[in-house]
Structures are given as structure tokens and as C-alpha cells.
Amino acid sequence: MKKILTTLLISMVPVIELRGALPVGYAQGLELWQSAVLSVVGNLIPVPFLLFFGMKVLKWLSSYEKFGKPFRLILEKGKSKAEKINQNALFLGLMGFVAVPLPGTGAWTGCLVAMVLQLKFKKAFPPSALGVVVSAFIVCGVVLLIESGADWLRFLVDVKDSSEAVSASL
């Protein structure tokens, strides 16, 4: 149960998200598919809250004189960018942005982009959710690649050790 909760909670954390939670869950002994499902679910839990309430919080924070300037800049930049966006490419663009498992991308940042572009929930959630799923496949592939690379290195060390043992016995 602890492994499940750890994986689920890590995937909800901004910046770390699925790309950190999935390998942690797998390293803790969960099956890769279990870790992937938990990471996707955990990464998607904050998304509706961010999409429904994020803009209100952003506007509220921007209303403060002393520390609201960065939030006002985000809102202003978002409005100017929103006018230039090709609406036909929006779904694929947002999905691709969320799908790339690198720092500065992911569900949290995708929600920020959707908020700034003033997308409604039904336009923002599907590409975000699909992007999280695609990201899970990418991270699973990277985890398996790293694991097979580690196995290959172990194999090479074993071959070297056994050849040294044969040489020493001769």
C-alpha cells in the first residue's frame, strides 16, 4: 500500500509528475504497468482543479500590488499569445507539450498554458489527458531501455570475470 501511495503522490507533485513517479514506483517493486497506471491517475488528479480554479487563483494573485507583477505578466502574455494561436493545431500542440517528459513540460505546465489561453475544460482536458498517457509510454520505454542497458553491463562484467577466472586457472 505504501508503494502505491508513494507513486500516486509523487505523480501529483509539479515538476516531478509522472516522469519521476513512474520510475520510483517501478524501483520500489511495482510492476511497470502498475507504476504507469498509478502515475497517470496521480498526474491527472490535479488537472480538473487547475483547469477550473487556476485562472481565478492567477487573477487573484495578480491583484496584489507587492507580489502580483509576475502573475500580471503571465496573464498579459497569455492574452497576446492566445490571439495568435491556430485553433486547428491546438489539440495536437497541447497534447505534444504535455507528452514530452522533460522539465518545464507536463500536465501542470500544460494546464498553465490552457489557463493562459483561456481554454474551456472540454477543450483543455482531452489533450492534457492524452499527453499524460503518451508521456507514460515514453517514460516506460526509457525505464526499460535503462534496465536493459544495466542488464547488458552486468552481462559484460560477468563475461569478463569468467574469462579472467579461466585465464587464472590455466
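Expressed in nm to one decimal, what extension gain is obtained for the pair ASP151 and TRP33 from 0.36 nm per residue of sequence separation less their Cα-Cα distance?
On the way: separation 118, 0.36 × 118 = 42.48 nm, distance 1.99 nm.
Gain on extension, ASP151 to TRP33, equals 40.5 nm.
Roughly how many nanometres apart are two label points built 7 Å out from the Cα toward the Cβ at LEU9 and GLN87?
Between LEU9 and GLN87, the label points sit 4.4 nm apart.
Counting pairwise Cα distances across the stretch 1-73, what percent come out greater than 14 angstrom?
Values: 1625 of 2628 pairs.
Value for the stretch 1-73: 62 percent of Cα pairs lie more than 14 Å apart.
Within 12 Å, Cβ to Cβ, of ALA136, how many net charges do the neighbouring residues add up to if Lys/Arg are +1 and Asp/Glu are -1? Provide the component values of the computation, followed by the final result.
On the way: positive: ARG19; negative: GLU17.
Residues near ALA136 contribute 0 overall.
Mind telling me which of ALA21, ALA136, ALA150 comes out most flexible in a GNM of the chain, alpha-carbon contacts under 10 Å?
ALA150
What is the spread of the Cα atoms of the chain along each of their three principal axes, largest first, in whole Å?
Result, largest extent first: 80, 36, 33 Å.
Based on the mean of other beta carbon atoms within 10 Å per residue, what is the order of 140-149, 105-114, most packed first? Walk me through the numbers on the way to the answer.
Values: 140-149: 12.8, 105-114: 22.6.
Averaged packing, sorted descending, gives the order 105-114, 140-149.
Counting only heavy atoms of the protein chains, get the accessible area per residue of the chain (1.4 Å probe) and round it to a whole Å² value.
Values: 10650 Å² over 170 residues.
Accessible area per residue, the chain: 63 Å².
Which residue, GLN34, GLN118, GLN87, tops the fluctuation ranking in a GNM of the chain built on C-alpha contacts under 10 Å?
Evaluated over the chain, the most mobile residue of the options is GLN87.
How would LYS59, LYS69 line up by accessible area, probe 1.4 Å, largest first? If you can, show how the numbers build up before the last one.
Numbers: LYS59 110, LYS69 130 Å².
Listed by decreasing accessible area, they come as LYS69, LYS59.
When the solvent-accessible surface of protein heavy atoms is calculated with a 1.4 angstrom probe, in what order do TYR26, TYR64 fall, highest first? Mind dumping the intermediate values first?
On the way: TYR26 65, TYR64 85 Å².
Ranked list, largest accessible area first: TYR64, TYR26.
If each residue of separation counts as 0.36 nm, what is the full-extension length gain between MET1 and VAL100 once their alpha-carbon separation is subtracted?
Numbers: separation 99, 0.36 × 99 = 35.64 nm, distance 2.91 nm.
Length difference between fully extended and current span is 32.7 nm.
Can you compute the modelled spin-label distance between GLN118 and ILE74, with each label point 7 Å from Cα toward Cβ, in nm?
Distance between label points: 1.8 nm.
What helices in the chain pass both tests, a Cα length along the helix axis of 30 Å or more and a mean Kyte hydropathy of -0.5 or higher, using whole DSSP H runs? Intermediate values should be presented prior to the final figure.
On the way: long enough: 121-169 (71 Å, 0.93).
The answer, listed by residue number, is 121-169.
Can you give the charge dipole size of the chain about its Cα centre, rounded to the nearest 20 debye, using +1 on the beta carbon of Lys and Arg and -1 on the beta carbon of Asp and Glu?
Details: 17 positive and 10 negative charges, 263 e Å.
In total the dipole reaches around 1260 debye.
For the stretch 31-126, what value does the Rg/Rh ratio take when both radii are computed over Cα atoms and Rh is the Kirkwood radius, given to two decimals?
Checking Rg against Rh, the ratio lands at 1.02.
Label points 7 Å out from Cα along the Cβ direction at PHE137 and TYR64: separation in nm?
Calculated label separation equals 4.2 nm.
The values are calculated or read from the model by the stated rules, or taken from the named source; none is laboratory data. For clarity, every value in this text was computed on a predicted model and none was experimentally measured. We place every Cβ from the backbone using ideal geometry, glycine too, and count neighbours over all the protein chains shown. Please note that ligands, DNA and RNA were not included when accessible areas were found on the heavy atoms of the full protein model with its side chains. Shrake-Rupley method; radii C 1.70, N 1.55, O 1.52, S 1.80 Å.
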